[in-house]
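Since the structure comes first, as structure tokens, the remarks are kept for the end.
Just so it is clear, none of the values below were taken in a lab; they were calculated from the coordinates. Just so it is clear, the structure is predicted and the values come from calculations on it, not from any experiment. Because the Cβ atoms are built from the backbone with ideal geometry, glycine has one as well, and the counts that use them run over all protein chains shown.
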Amino acid sequence: MNWPVTFESRLDSWNRLRKEVSVLPVEPALAAINNWWFNAPWTAYHLHWDDRATWPDPWQLLSDNIFCEVARGLGILYTITLLDRVDMTSAMLVLTHDDRNLVLMDNS
């Protein structure tokens, strides 16, 4: 997949992704979401954990089109959250002890 160039095309592609994964089992849905966000153009630093209060909403994130590790994780979390699936309600973005950003799901 080539990353969509315009905001409108990114929004359309993200909407299609959410529709597609809304009916998939959890693991393939999460893999598709992860894959979609890892096609985003990467930037070394953009968002920082200390600035959480000013992190962009999902639409601003897509509009800004600047994706560091935190921004990608945030995009994954927003995608999961907006699916409104009962089997995917426990997602959270975490900073690990070795400064890695992960989206974790507790599916118990």
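A few notes on this one:
- Against the set (1) 14, 32, 35, 18, 2; (2) 14, 50, 32, 4; (3) 13, 42, 26, 13, 5, 0, the structure's computed P(r) over Cα pairs in 10 Å bins from 0, in percent falls on (2).
- Here Thr6, Thr79 are placed in order of increasing Cβ neighbour count within 10 Å, fewest first, which gives Thr6, Thr79.
- Rounded FRET efficiency, nearest 0.05, which uses the C-beta distance separating Lys19 from Ala53 and R0 of 22 Å: 0.10
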